[in-house]
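Colleague: Sharing a structure, written as structure tokens. Questions coming.
The values are calculated or read from the model by the stated rules, or taken from the named source; none is laboratory data. Everything numeric in this text was worked out from a predicted model, so none of it was measured. All Cβ positions, glycine included, derive from the backbone under ideal geometry; neighbour counts span all protein chains shown. The area values use the complete protein model at the heavy-atom level, side chains included, leaving out ligands, DNA and RNA. Shrake-Rupley method; radii C 1.70, N 1.55, O 1.52, S 1.80 Å.
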Amino acid sequence: MSATQMTTRCCIAGGGPAGMMLGFLLARAGVDVVMLEKHADFLRDFRGDTIHPSTLEVVHELGLIDDFLKRPHQEIREFSGQIGEDTIPLADLTHLPTHCKFLAFMPQWDFLDFIAEQARAYPAFKLIMQAEVTELMIAGNTIAGVKAVTPDGEIEVRATLVVGCDGRKSIVRELADLKVESLGAPIDVLWFRLTRKPSDPTQVLGRFVPGKIMVMLNRDEYWQCAFVIRKGAWEEIKRRGLDEFRSDIASIAPFLEDRVHELTGWEPIKLLTVLVDRLRKWYRPGLLCIGDAAHAMSPVGGVGINLAIQDAVATANILARPLSENYVSLSHLQKVQWRREFPTKVTQWGQVFVQERILSTVLGTRERFRAPWFMRLFKKCPVLRRIPARLIGIGVGPEHVRTRDVRSEVRR
């Protein structure tokens, strides 16, 4: 059977945060977009679901913040950590120069559903679910579109520009033969849930004790727990047995001792293999990668989704007009990388530093320790808490929406 064919200005592979936000912004600016998402829905557990103030600022600039915050979510304004025997207040977001001075926790599928709902209001936006990209279409040296398989057969999407937003295992960047530079990661993370009681602490908690690290995210009815392990130690942990793992959890957070038996097997415990890498070159003629497809981030700071959103905003700001004029040059694509590469490198440098100098050190020690002297200053000098708050909440090089809204122009 012949493939179904369609033509568009921009074909986006991957309906994650970067892809969905880019598709929305381009369609909002009147650019025809076809988005291909290989899954039937967005329901994947333990995806990044921290919506930082920089992303909330983008939603505010789009005029959608009130509707967005009507969705179920939790708001966190302060972070603290137990480091050895010291409890240290680490970050205070309430002084940020943003509309929302908090970090929101919202399941990523709810975030994506919200953006998709807004995008569908524009005729230029077309989302095709269960469409998995399998091949790039090439004309000379230029990527001219993609082929994808769907339950109804193969489709061919010819496009002025293909954008790979299909995650850190991107098939688009693999097919385009874009070279990846790995920065290494000495840790992996085990994700699981445990019931939360009203008497439990309310803040986000990072717990560092000799040889063990766990971060606990308050999700009202449960704790979303990230148990940090040495790279490749997952099989060793399973060989030690579930009882030993439960004991490790209770030794880090004793108030959870009566709940660790909720982990009745290994199935509810999900391994996140941590990668930190980036493309040397994010583009080739007719193709661009952004988000995790261009730079896989560590879970340190939970900033991956927000870097992806910032990439999408910058890409839309730079490429909306060239796409509307049906001409995107290499210099346009190069400008996107120039714009976003510095924030990416600085953020990844910070993550690698924390992984190698702090997390690996804690995991490798068996002796009691105290928080470093500069962190103990956070107790005595609250203004210092604004520094990590700025780095986590806003980050390096935040982007702002510059694209037009065709609907508002029609109303005028």
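Colleague: Residues that are open to solvent by 20 Å² or more (accessible area, probe 1.4 Å) and modelled with pLDDT under 95: list the strands (runs of 3 or more DSSP E) wholly contained in the stretch 36-121 that include at least 1 such residues.
Modeller: The strands (runs of 3 or more DSSP E) meeting that bar are 74-76, 78-83, 86-92.
Colleague: Is at least one residue of the stretch 153-164 of a type in the set (Asp, Glu), under 30 Å from Leu93 (Cα atoms) and either in contact with a Ser or Thr (Cβ under 9 Å, 6 or more places away or on another chain) or open to solvent by 20 Å² or more (accessible area, probe 1.4 Å) (or both)?
Modeller: Within the stretch 153-164, none of the residues are of a type in the set (Asp, Glu), under 30 Å from Leu93 (Cα atoms) and either in contact with a Ser or Thr (Cβ under 9 Å, 6 or more places away or on another chain) or open to solvent by 20 Å² or more (accessible area, probe 1.4 Å) (or both).
Colleague: Another question about this same structure. Could you please tell me which pairs satisfy a Cβ distance under 8 Å, a separation of 6+ or placement on different chains, a first residue in the stretch 276-303 that is without any contact (Cβ under 8 Å) to a residue 60 or more places away in the chain, and a second residue that is among the basic types (Lys, Arg)?
Modeller: Within 8 Å, the pairs are His295/Arg278.
Colleague: So which pairs qualify, if the first residue must be in the stretch 253-267 and touching a residue at least 12 places away in the same chain (Cβ under 8 Å) and part of a loop (DSSP other than H, G, I, E, B), the second must be of a type in the set (S, T, N, Q) and surrounded by 12 or more Cβ atoms within 10 Å (Cβ to Cβ), the Cβ gap must be under 9 Å, and the two must be at least 6 apart or on different chains?
Modeller: Ala253/Gln82; Arg259/Thr195
Colleague: Name the pairs: first residue in the stretch 25-43 and within 18 Å of Val406 (Cβ to Cβ), second residue acidic (Asp, Glu) and at pLDDT below 95, Cβ to Cβ under 8 Å, at least 6 apart or on different chains?
Modeller: Short answer, once both residue conditions are applied: Arg28/Asp405; Ala29/Asp405.
Colleague: For the stretch 319-334, name all the residues that are without any contact (Cβ under 8 Å) to a residue 24 or more places away in the chain and either under 21 Å from Gly304 (Cα atoms) or open to solvent by less than 30 Å² (accessible area, probe 1.4 Å) (or both).
Modeller: Pro322, Ser329, listed by residue number.
Colleague: Would you call Gly302 touching a Phe, Trp or Tyr at 6+ places or on another chain (Cβ under 9 Å) and under 25 Å from Phe105 (Cβ atoms)?
Modeller: Considered against the rule, which asks whether it is touching a Phe, Trp or Tyr at 6+ places or on another chain (Cβ under 9 Å) and under 25 Å from Phe105 (Cβ atoms), Gly302 comes out as no.
Colleague: Pick out the one residue from Arg193, Arg219, Arg246, Arg240 that is of a type in the set (Lys, Arg) and in contact with a helix residue (DSSP H, G or I) (Cβ under 6 Å, 6 or more places away or on another chain).
Modeller: Going through Arg193, Arg219, Arg246, Arg240 in turn, just one is of a type in the set (Lys, Arg) and in contact with a helix residue (DSSP H, G or I) (Cβ under 6 Å, 6 or more places away or on another chain): Arg246.
Colleague: Glu341 passes all but one of (1) open to solvent by less than 30 Å² (accessible area, probe 1.4 Å); (2) at pLDDT 95 or above; (3) part of a helix (DSSP H, G or I); which number fails?
Modeller: Exception for Glu341: condition (1).
Colleague: Of Asp292, Asp248, which residue is among the acidic types (Asp, Glu) and closer than 30 Å to Ala27 by Cβ?
Modeller: Asp292
Colleague: Out of the residues in the stretch 366-388 that are at pLDDT 85 or above and touching a Pro at 6+ places or on another chain (Cβ under 9 Å), state the one that is surrounded by the most Cβ atoms within 10 Å (Cβ to Cβ).
Modeller: Arg385
Colleague: For the stretch 94-142, give me the residue count where each residue is more than 24 Å from Val33 (Cβ to Cβ) and in contact with a Leu (Cβ under 8 Å, 6 or more places away or on another chain).
Modeller: The qualifying residues number 8.
Colleague: Let me ask something else about it. Would you confirm whether any residue within the stretch 310-318 is without any contact (Cβ under 8 Å) to a residue 60 or more places away in the chain, part of a helix (DSSP H, G or I), under 23 Å from Ala18 (Cα atoms) and open to solvent by 10 Å² or more (accessible area, probe 1.4 Å)?
Modeller: Among the residues of the stretch 310-318, at least one is without any contact (Cβ under 8 Å) to a residue 60 or more places away in the chain, part of a helix (DSSP H, G or I), under 23 Å from Ala18 (Cα atoms) and open to solvent by 10 Å² or more (accessible area, probe 1.4 Å), which makes the answer yes.
Colleague: Just the residues that are of a type outside the set (A, V, I, L, M, F, W, C) and either over 29 Å from Leu359 (Cβ atoms) or touching a Gly at 6+ places or on another chain (Cβ under 6 Å) (or both), please, taken from the stretch 168-190.
Modeller: Ser170, Arg173, Glu174, Asp177
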